[in-house]
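The values are calculated or read from the model by the stated rules, or taken from the named source; none is laboratory data. Since the structure is predicted, the reported quantities are computational estimates derived from the model, not experimental observations. As a convention, Cβ positions derive from the backbone with ideal geometry for all residues, glycine included, and neighbour counts pool all protein chains shown.
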Amino acid sequence: MVEGAEGVGVIGLFAAGERGRRAAAELAGFLGPDAVVPDGPVGPALRRLWPRLGAAVFFLGADATVRLVAPLLRDERSDPGVVCVDGGFAVALLGDAGALAGRVAELVAGTPVVTSSSVASPLDELVELLDVAVDGDLAACGAAVRAGEPVLLANPLGFPLPALPDNVVDHGHATGWTVLLDDRVPAGPRPDHLLRLVPRTLVVGVGSGAGVPASAVSAALAGLAERGVDLRAIRAFATLDRKVAEQGIADALEDWGFWHDSTTAPLLAYPGEELAVVPVPNPAELAIGIPSVAEAAALRGAMELSAGGRVEMAVEKVKGAGVTVAAARVLPRGRLALIGLGPGGADERTPRAEAELRRASVVVGPRECVDQVRHLLRPGTRVRGDGAVDLAEAGAAVAYVGRDAGPTVAGPVRAEVVRVAGVANG
């Protein structure tokens, strides 16, 4: 057992090339009987040993090490500590590996490097996965999750989420932290322990007269915020095609992007004949001959971005000085990832397939196929033999794994469906 790192368990030492393997074997002799140097290529050996590892030491560059371990990470409370020996340094890359890095550095006559003690929490992954804006203390809430404290997650729009730790619950009364996943700003005083995750769900339609100033458009956008939506949730803007040239609209949207640190919300444009046939809650007799611009453009843009999913009016038209705006919402839907394992081995598994397995809260497939990827699943991921389509249509994030094309689908699926190559077939 490693001095100063009691409880580490099996220590895997991984190296590429004869020189690296000799160094790994020499170090293993000093680390004791719990240290092993597996045979064969690093990737397959690492995947084979990963469930048994308490720590892993790599005689590789930091970038190569990160690429190897990243697809295998599940939960900071169960993942092994990772140390990278590179260029005379022993770097504690992941987990509570500072003591091991110090001992390894001593044995290889190197310098220990202990990175920040803050460990990524499942909330950090959730933020990246859903591409949300964060309002609140993500680090403090993440620390509560890691510590096992009860955390309430409110998901009123029904986003398909990955498996989360048992202490993150979706019901009950919040006595500590609450995570709110919503594009709306809650009314009333803000609680002390509230973390808001703001998804990009909104398409804002803009209609205006000729020569509208940017200040008027910006004031109208502020009117949307006064009606309860968070402007950080804007995914796109939309308007009548002839209004794209309005400098006031362009300047106001550029100003919005500056204040909300975003340059990724495009301005979608549609001809009048397309907007004329979009049913809107507040049609009017406009001089341009169509019943709506702002509401129709918002709904038309949302329909385009939803790729066949459901949309709804989030905020009906708000009138300003020579400008009207409205917001439509792209509603979340379940997700079904069809992952074909193919004829290749585990070392050929694509990063996309592994990412989809981590994204899923339910994995479905034949037992022999699920067993091949079980070590990649997050703790708490449910496993089923069938029912993938029904689960996805009910709003879950589902991954189907198998050697065939996936479950038979009769007609369109009321969920997002993605097909993923599980292994490279040459």
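Observations, loosely collected:
- Count of segment 267-285 residues which are without any contact (Cβ under 8 Å) to a residue 24 or more places away in the chain, part of a loop (DSSP other than H, G, I, E, B) and farther than 29 Å from Pro160 by Cα: 4
- Condition check for Ala210: under 29 Å from the mean Cα position of the chain (by Cα), closer than 27 Å to Glu295 by Cα and surrounded by fewer than 22 Cβ atoms within 10 Å (Cβ to Cβ): no
- Residues satisfying the stated conditions in segment 69-80, i.e. modelled with pLDDT of 85 or more and either of a type in the set (Val, Ile, Thr) or within 25 Å of Phe30 (Cα to Cα) (or both): Val69, Pro80
- Residue satisfying all of: in segment 90-126; buried (at least 18 other Cβ atoms within 10 Å of the Cβ) and part of a loop (DSSP other than H, G, I, E, B); modelled with the highest pLDDT among these: Val108
- Just so you know, in segment 49-69 the residues that are loosely packed, with under 15 Cβ neighbours inside 10 Å, more than 16 Å from Phe89 (Cβ to Cβ) and touching a residue at least 12 places away in the same chain (Cβ under 8 Å) include one that is farthest from the chain's Cα centre (by Cα), and it is Arg52.
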